[in-house]
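In what follows, a single structure is set out as structure tokens and then discussed.
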Amino acid sequence: MQHFLRSLILILVIAAGTTYVVGQASGYQTPPKAIADIALAPPTPGVNLSPDATYLLLLERTGHPGIDELAQPELRIAGLRINPRTHGPSRTRPYIDIKLQAVKAGKPVSFQGLPEKARISNVQWSPDSRHIALTLDEGDGLSLWIGNVGTMRVERLTKARLNDALRGAPYSWADGGKAIYYKMRPDDLTAPPEKPEVPAGPIVQENLGSTAPVRTYQDLLQNPHDEDVFAYYATTQLMRYDLATRTHRKIGKEGLLAGFSQSPDGRYLLTTWIERPFSYLVPYSRFPQRYVVLDRDGGMVKTIADIPLAEDIPKGFGAVRTGPRNLQWRDDADANLFWVEALDGGDPRQEVEFRDQVYSLAAPFNGSKKKEVACKLRYSGITFGDDQHAVLYENWWSTRHTITSMFTPGNPASKRVLFDRSTEDRYNAPGSFETKSTPSGGRVLDINKSAGLLYLTGSGASPEGDRPFVRSMSIATGELNELWRSEAPYYEYPVAFVGEDKRQILTRRESQEEQPNYYLRDLQTGQLTQITHFEHPYPSLRGITKQELRFKRADGVDMSGDLYLPEGYDVKKDGPLPALMWAYPREYKSAAMAGQVSGSPYSFIRVNYGSPIFWVVRGYAVLANASMPVVGEGDKEPNDSFRQQLVMNAEAAINTLVDMGVADRDRVAIGGHSYGAFMTANLLAHSDLFAAGIARSGAYNRTLTPFGFQREERTYWEAPEVYYTMSPFMHADKVNEPILLIHGEADNNSGTFPVQSKRFYSALKGMGATARLVMLPYESHGYRAEESILHMLWEQDQWLEKYVKNKGKSGAATGTSKS
């Protein structure tokens, strides 16, 4: 118990009044030009394939937004982040232009009619591929627009009063593309409720003996005023627009409408309404909900389910709430609802033969629910094909077990297992079943009825790296036949079949040097036709080399990582380099599965804002995606030996780099984001392998996440030693290498409260460690603003130059400049 007392004293000392020092830099800084040029490279357009696979939409974005955009008003409430000016989500990343290109011929053409400097979101194809719909952020609200593929023009449908406060698109195509349902702010909705100057009384919460372990959610409701504000922004009037008559009309009454979907035959709407009482413990998605079927004009048909407040879900990753869940339409039927209910009380600790039961209910919804298939594991989804074919997915987290079965809807006894395997076994993953679009806009199994085949595509993990594939499967026998597989020196991934004969597929193809582009591939002849011609976004990286490393740690577990070396580097001539290792720990139940290779040695070298690859151009050897397996086989839990396995992983990686001659053992840095930051702090506390560390947006004191974290299912009270041992905060006195802590001030990720970095920095400072804390204004768990990203890169570059590349040398880091 001595270490528990010591940690408690440390916590009390810190809480008594330590001052947080952000640093000495004045204002935002910029990194060296070689890094900034890569960070500011224009993003490659996004691609959206039409339902009939005839057209591609090319969606163009700007680069990173300015900090002024992130500084706009933001409402953080009920687990949401809302822009109060627009009644839409804050921190969006809009498109600025949309181009259309035919898959088989033609060049990209822009739609006409969009305003200058358009901020475009929620782009959707109509089911008939004749139109697109989108929303525009007009500063004071969101408006709905529609684009005609025939005329290549876009026109406004509504004023800027769409309501997109709750997650999900604020509109949906209907009647196969002839109409649109959309969510509007009611006309009489004026100003949000004002906060009372004097509270009506104390805030009281009560629990009468029930267990309610919940994650450490952020941005929750805190008082009655918050409840009123949430209700104000969630209040919605459902509307319908008919393309033929160009008319708008109200559908039903206004209320707290969370979601809606039209039945495939167009006769009904399944709506989801949020009910009171609200909660101060969980986000809005776990508030009471009512599922109601309306007719197409908004008339009441039937209440399908009333779901109570879900504060007391049992603990564990296999835990679910009781009652109906996952209610949705069958995409292959006219108007048939299906859902699932737990048979074990939602409690994974219960021993039962079946965990879940699937039910269905067909229009006109006045009969009894019908039993469909039962699930031995936890229900994970269904893909319907037709009246004879549907695919059921089940999984169980604790054993990493997954089952894929086929059954005939309406006949539970027809269920037969197709695949029964470990979710960790990537090498034997059969792939995902291909689907096709329906006239109503749904997705169903792509069945070749004449040949009795289904089709699967997958990443094709193998000891040689990922080699994506296309396969057919006999419906009668389950036999798989490989139709095509990606071959070196390219990484090529199937996107969709083009044409009913299944002869051509659209693929995305790339190599280490070639930017990803889209191609038409003939599966019979192998002929390739390039469709898009995106340019290389990082010319300065053309000469660097990428190599997939494979090595073993001391106990024989296989490991891997992607090694990047500077342009023109010669190990014999240039000798060992300073090195940066970047990683993210992952838990496994099998050592064999932990050692499976992921990724491809032939994929394009991508650099996002958080990548470590920037430092290749600064003369470092970079080991990215370094595997950090934490294995707990049988009855053992991975976290029982978390620290020891981290150190073993790190030793194996460093030894490999040093034995190759590419890294100087005394000049290796470790870094990571989120759980990777947690890893970094632990490695610095419990080893002397690294010269310095970079930890971004991490959690360091696990007693602040007492009901589990990452993949740890046990609570603090069940495994206090695990929480203590794994928390680098408790071992701050052992961190004797320089550590750079970076965190977004507005981090809303569960568990990684900004206070985690603040308290850890205070502990490090109190123990005399070399540490620096950088809090990025307005940033969340991931960083968005250009100023923030450039400053983050500057901080990391300074840290690496001073404490790694020039370790032991006098003077400050080089290559700095002010913004």
Of all residues in region 530-557 being open to solvent by 60 Å² or more (accessible area, probe 1.4 Å) and not in a loop (DSSP other than H, G, I, E, B), the one that is nearest to P42 (Cα to Cα): P539
Conditions (1) open to solvent by less than 60 Å² (accessible area, probe 1.4 Å); (2) out of contact with any Gly (no Cβ under 7 Å at 6 or more places or on another chain); number of the one not met by S780: (2)
Subset of region 495-507 that is crowded, with 18+ Cβ neighbours inside 10 Å and without any contact (Cβ under 8 Å) to a residue 40 or more places away in the chain - its residue that is farthest from T545 (Cα to Cα): Q504
Which listed residue is surrounded by 19 or more Cβ atoms within 10 Å (Cβ to Cβ) and under 30 Å from A36 (Cα atoms), from D570, D562, D574: D562
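How many residues does region 506-562 contain that are aliphatic (A, V, I, L, M), more than 22 Å from A594 (Cα to Cα) and touching a helix residue (DSSP H, G or I) at 6+ places or on another chain (Cβ under 9 Å)?
Total satisfying the criteria: 2.
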Cβ-Cβ under 7 Å pairs, at least 6 apart or on other chains, region 379-393 side free of Cβ contacts under 8 Å to residues at least 24 places away in the same chain and farther than 17 Å from S474 by Cα, far side open to solvent by less than 40 Å² (accessible area, probe 1.4 Å) and part of a strand (DSSP E or B): S380/E394; Y393/G381; Y393/T404
Those strands (runs of 3 or more DSSP E) lying entirely in region 26-122 with at least 3 residues closer than 30 Å to E434 by Cβ: 46-49, 55-61, 95-102
Of residues in region 232-279 being of a type in the set (A, V, I, L, M) and part of a loop (DSSP other than H, G, I, E, B), the one nearest to L327 (Cα to Cα): I251
Among the residues listed as F690, F707, the single one being surrounded by 24 or more Cβ atoms within 10 Å (Cβ to Cβ) and in a loop (DSSP other than H, G, I, E, B): F690
Some residue of region 662-685 being acidic (D, E), within 22 Å of M730 (Cβ to Cβ) and either touching a His at 6+ places or on another chain (Cβ under 7 Å) or open to solvent by 40 Å² or more (accessible area, probe 1.4 Å) (or both): no
From A732, A746, residue being more than 23 Å from R586 (Cβ to Cβ) and assigned to a helix (DSSP H, G or I): A732
Those residues of region 712-729 which are at pLDDT 90 or above, more than 20 Å from S762 (Cβ to Cβ) and not in a loop (DSSP other than H, G, I, E, B), in sequence order: P720, E721, V722, T725
Lone qualifier among I274, I251 - being closer than 30 Å to I203 by Cα, at pLDDT 95 or above and in contact with a strand residue (DSSP E or B) (Cβ under 6 Å, 6 or more places away or on another chain): I274
Any pair with Cβ under 8 angstrom, 6 or more apart, that starts in region 275-294 at a residue that is of a type in the set (D, E) and ends at one that is in a loop (DSSP other than H, G, I, E, B): E275/F287; E275/P288
Evaluation of K315 against (1) in contact with a Lys or Arg (Cβ under 6 Å, 6 or more places away or on another chain); (2) assigned to a loop (DSSP other than H, G, I, E, B); (3) open to solvent by 20 Å² or more (accessible area, probe 1.4 Å) (one fails), failing number: (1)
Region 327-369: number of residues that are crowded, with 21+ Cβ neighbours inside 10 Å and either among the β-branched types (V, I, T) or in contact with a helix residue (DSSP H, G or I) (Cβ under 9 Å, 6 or more places away or on another chain) (or both): 2
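The values are calculated or read from the model by the stated rules, or taken from the named source; none is laboratory data. Keep in mind that what you see is a predicted model, and the values were worked out from it rather than measured. Reconstructed Cβ throughout: ideal geometry from the backbone, glycine too, with neighbour counts over all protein chains shown. Heavy atoms of the whole protein, side chains included, go into the accessibility calculation; ligands, DNA and RNA do not. Shrake-Rupley method; radii C 1.70, N 1.55, O 1.52, S 1.80 Å.
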